[in-house]
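Here is the structure we will look at, set down as structure tokens.
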């Protein structure tokens, strides 16, 4: 009986550490909005594309997914992924706005993709 208690406690501790680590990006600061040129805005879009790929790779099914599900039915992993996507979306919207204000001529295709993603999220929930 004592061994069973130890095993259960160890499983709970391991599953608590199993939440996947998703990064976050910050919204544009006022200094960034003032100083960024079209070239820097385009670089930021490319960084966000890489960050989005990182979110997708982190979200792939693996052992941590199973442990996370055992610990909290996967809720923690889902919330972390949602928060990462939310921060990505907010920064993209800031970049879209800044690109339009500076007359860069790009960013609308990303805004359109964001709106499609948002509609997909709303219909899946």
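Before moving on, here are some points about what is shown:
Residues are listed down the side, and each one gets a yes or a no for (1) within 18 Å of the chain's Cα centre (by Cα); (2) surrounded by 14 or more Cβ atoms within 10 Å (Cβ to Cβ); (3) at pLDDT 70 or above:
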| site | (1), (2), (3) |
| --- | --- |
| 64 | yes, yes, no |
| 83 | yes, no, yes |
| 86 | yes, no, yes |
| 100 | no, yes, yes |
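- Check on residue 44, modelled with pLDDT of 90 or more, surrounded by 12 or more Cβ atoms within 10 Å (Cβ to Cβ), over 15 Å from the mean Cα position of the chain (by Cα) and part of a helix (DSSP H, G or I): yes
- Residue within the stretch 11-32 that is assigned to a helix (DSSP H, G or I), surrounded by fewer than 15 Cβ atoms within 10 Å (Cβ to Cβ) and modelled with pLDDT of 85 or more present: yes
The values are calculated or read from the model by the stated rules, or taken from the named source; none is laboratory data. Please read all numbers here as calculations on a predicted model, not as lab measurements. Using ideal geometry, Cβ is built from the backbone for each residue, glycine included, and neighbour counts are taken over all protein chains shown.
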